[in-house]
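Engineer: Here it is, the structure in full.
The values are calculated or read from the model by the stated rules, or taken from the named source; none is laboratory data. These figures come from a predicted structure and were not determined experimentally. Every residue, glycine among them, receives a Cβ derived from its backbone with ideal geometry; neighbour counts consider all protein chains shown.
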Amino acid sequence: MKIDIEKSLEVLKRGGVILYPTDTVWGIGCDACNRAAVERIFAIKRRSEARTMLVLVDGRDMLSEYVDEVPDIAVKLMDEAVNPLTIIYPKARNLPDNLVADDGSIGIRIVNDSFCRQIIRAFGKPVVSTSANISGEPAPATFDDISGEIKAAMDYVVVWRQDDRKPATASSIIQIKTDGSYIKIR
């Protein structure tokens, strides 16, 4: 795992793209603050920039750097969550415009996975996380389900957990509205 973390950090620091295991499905990731790297992921996935991607952070301190406000309801939802939870916050900040939705919102998940947390802590910035598939195709449940096309487009493919055959599922998604209410998206 240590070598994977070191190599992932090298790639992230130079604006590259990685394929890595998360606390949900395998993800394609890059420096969430690097506009060009984010554009590259859209191209790899053949995804419209109108459909934003989420970012992973290592904790609440980092979260507060990338949203205007972490409402009390978000804290409560995070504290009560049993499974991975992505929250869409209404006012993103310090992120490139191609990662933020047209309405100014951004989806962020605090990772539970120790591998991801170590990468993000060492990197010191959030990392994009989007499922490792071409847009419109099913999200891969295991590493073996990821297409060769996606694997070939990466600057680094993490070895850690490639042999894990336990099918993964995506996170729950809740959107917080500007009035403090929320809706469940997934």
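Engineer: Of the residues 142, 130, which is of a type outside the set (Gly, Ala, Ser) and modelled with pLDDT of 95 or more?
Structural biologist: 130
Engineer: Only one of 73, 28 is outside any helix (DSSP H, G or I), surrounded by 13 or more Cβ atoms within 10 Å (Cβ to Cβ) and either free of Cβ contacts under 8 Å to residues at least 60 places away in the same chain or aliphatic (A, V, I, L, M) (or both). Can you tell me which?
Structural biologist: Residue meeting the stated conditions: 28.
Engineer: A follow-up question, please. For the stretch 149-180, which residues satisfy the criterion of being without any contact (Cβ under 8 Å) to a residue 12 or more places away in the chain and either in contact with a strand residue (DSSP E or B) (Cβ under 9 Å, 6 or more places away or on another chain) or hydroxyl-bearing (Ser, Thr, Tyr) (or both)?
Structural biologist: Those that are without any contact (Cβ under 8 Å) to a residue 12 or more places away in the chain and either in contact with a strand residue (DSSP E or B) (Cβ under 9 Å, 6 or more places away or on another chain) or hydroxyl-bearing (Ser, Thr, Tyr) (or both): none in the stretch 149-180.
Engineer: For residue 96, state whether it is within 16 Å of residue 175 (Cα to Cα), at pLDDT 95 or above and of a type outside the set (A, V, I, L, M).
Structural biologist: Judged against the criteria, residue 96 is not a match.
Engineer: I've got another one for you. Output the residues belonging to the stretch 121-155 that are out of contact with any Phe, Trp or Tyr (no Cβ under 7 Å at 6 or more places or on another chain) and among the small types (Gly, Ala, Ser).
Structural biologist: 122, 124, 129, 131, 135, 136, 139, 141, 147, 148, 152, 153
Engineer: Quick one: is residue 86 closer than 20 Å to residue 100 by Cβ, out of contact with any His (no Cβ under 8 Å at 6 or more places or on another chain) and assigned to a strand (DSSP E or B)?
Structural biologist: So residue 86 passes the test.
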